[in-house]
Amino acid sequence: MFARRLTFLAAGLGLSCLGYMTIGSRGGWDFLLPFRGTRLAALLLVAVAVSTSTILFQTIARNRILTPSIMGFDALYLLILSVSVFLLGGAGLSETSALARFLVSLGLLIVASVGLFGTLLLQRREDVMRMLLTGVVLATLFRSLSSLIARMIDPNEYSTIQVASYARFSRIETDLLGLSAVLILGVVGIAWRMRHRLDILALGRDAAINLGENPRRRTIEVLILVAVLVAVSTAFVGPIAFLGLLVVSLAHLVTPTGSHGTLLVSSSLIAGIALVGGQTVLERVLGLSTPLAVLIDLLGGLVFLILVLKGARR
Amino acid sequence: MIRITDLSHNLGTSRVLHGIDLTIPKGQITALIGPNGAGKSTLLSLIARLDTPLSGRIDVDELQVGACPTDVLARRLAILPQTPEIAPRLSVAELVGFGRYPHHKGRPTPEDRARVSDAIALLSLDGLAHRSLDTLSGGQRQRALLAMTVAQDTDYLLLDEPLNNLDIAASRSLMTLLRRLCEDFGRTVVVVLHDINYASRYADWKILSTPSCPLGSRAGAMQLVWR
């Protein structure tokens, strides 16, 4: 379905990548490939992670307003990171222990998000507005706790958290690229294999049970996948509040279908265009006068307001 | 045959079903009739494992509900809930197609497609197959949902007030269709009805719950009435 539209999107993404690699470059390819290539790969991974996690979360939450970042997933990750820096120290950590901390934070995020959001999502009476409020309250709580910790720790160590706490696209932590690529591609592969089940889950609890699915178990599985995707993308580029909402809403406009097979592809392509294309235009053409995160949050915030004002209609 | 043994269930804190023993015969239409709040829908949702009963046991042929794999039961028994929450942007054909999911798990074969168009034709939805659900009237949507349940091709069909939103002509043709499913295809139909006229005209068995012996009371148990 929508093969032509998907081809157009893929072409757009190809052009964006080409532009990102070539515009304003002066060195040869042996310099460009490792230098810009790794950052391009990181941006593409983040694009896939953010769009996939948003689609997955919206399917199990059964509405199009909530996204992992609105529900406070990335704030929770930053809180866990802050606590670990507080307890273990940050600035002096070697590379291996930085990796260990990432893995421990990831594990904790999975446990905490299944505990918190699992109980929230598995209640019989689903109420979008209450979920939204809970998410906003939780996200604020996590952020306040993080900043409390920030005040308590050594300023040098705080810099570790500070770098992680703001969205950034021009300086990307590429140290974890290999591991992150494996994690993201693995999770996206699992999500792709689940696409038919996701179609069924989107019909609602009763219909899913009637068709022989187990919504309870799937919800927990999907929450784990979302937690991994959010942790990796937050570790890469920091929290980007409205990117997921923006690209998934666009994907629903471009490919209006309930089929997750199509939506996963189209939203990833759109996210790639938004990140790579946006970064190319801002960094290379406009000379980085505005950070991309600001622009994306501005547009995404508008989409969020429109969706809320239109009502919680699915 | 659906066999219900000593089934009790609470909604919130109030006891809705109280130690029910009941056998629903195979290959026939059984109507559940009774006032609002008598526990008819609860009984159906327990049979279809949408809820877990407080105590008691339900068997559908040799399958014990709750113990057998849920996807095995999905090929044996289908339910049309009273107020199904369904994604409104689906087209009728897509919705009915989901009914085949228990059989093909996401990869429809030509046979699945044939069953889907059979179900669409059976419910006379041919002209509407590519319309999206939110452009349909309440009655048309009801028929689309029923087509999905029929396409699931199960021995047992549980229908919770399928006559909602249907006018008299559509109600009669739906009940006639249920009789055909039962007589020509050997399906077992359990249907919650409000109108005792339809029940007397079309159902083989009626399970009544009256104020003097409601579904919930042990004394009344349930009355199985042959038509």
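Scanning region A:231-287 for residues being hydroxyl-bearing (Ser, Thr, Tyr) and outside any helix (DSSP H, G or I) gives a total of 3. Only residues that are in contact with a helix residue (DSSP H, G or I) (Cβ under 6 Å, 6 or more places away or on another chain) and of a type in the set (A, V, I, L, M) were counted in region B:64-121, giving 11.
Would you check if there is a residue in region B:39-59 being modelled with pLDDT under 90, within 14 Å of another protein chain (Cβ to nearest Cβ) and assigned to a helix (DSSP H, G or I)? Yes: one or more hits. In region B:79-121, the qualifying residues are those that are facing chain A (nearest Cβ under 8 Å) and touching a strand residue (DSSP E or B) at 6+ places or on another chain (Cβ under 6 Å), and the one that is nearest to B:Ala48 (Cα to Cα) is B:Ile79. Inside region B:66-78, residues that are away from every other protein chain (no Cβ under 11 Å) and among the β-branched types (Val, Ile, Thr) make up a count of 0. Assess whether A:Asn210 counts as being farther than 30 Å from A:Leu44 by Cα and either touching a Phe, Trp or Tyr at 6+ places or on another chain (Cβ under 6 Å) or more than 14 Å from chain B (Cβ to nearest Cβ) (or both). For A:Asn210, the condition - farther than 30 Å from A:Leu44 by Cα and either touching a Phe, Trp or Tyr at 6+ places or on another chain (Cβ under 6 Å) or more than 14 Å from chain B (Cβ to nearest Cβ) (or both) - is not met. Meeting the requirement of 1 or more residues that are away from chain B (no Cβ under 14 Å), the helices (runs of 4 or more DSSP H) wholly within region A:152-206 are A:155-165, A:177-193.
Just checking, does region B:105-119 include any residue being buried (at least 18 other Cβ atoms within 10 Å of the Cβ) and within 18 Å of B:Ala170 (Cα to Cα)? Yes - at least one qualifying residue is present in region B:105-119.
Every listed requirement among (1) more than 25 Å from A:Met194 (Cβ to Cβ); (2) touching a strand residue (DSSP E or B) at 6+ places or on another chain (Cβ under 8 Å); (3) within 13 Å of another protein chain (Cβ to nearest Cβ) is met by B:Arg131 save one, (3). Every condition in (1) of a type outside the set (Ser, Thr, Tyr); (2) farther than 28 Å from A:Met194 by Cβ; (3) more than 11 Å from chain A (Cβ to nearest Cβ); (4) surrounded by 15 or more Cβ atoms within 10 Å (Cβ to Cβ) is met by B:Glu62 except one, and the failing one is (4).
The values are calculated or read from the model by the stated rules, or taken from the named source; none is laboratory data. Note that the structure is predicted; figures quoted are calculated from it, not measured. Note that we place each Cβ from the backbone using ideal geometry, even for glycine, and neighbour counts take in every protein chain shown.
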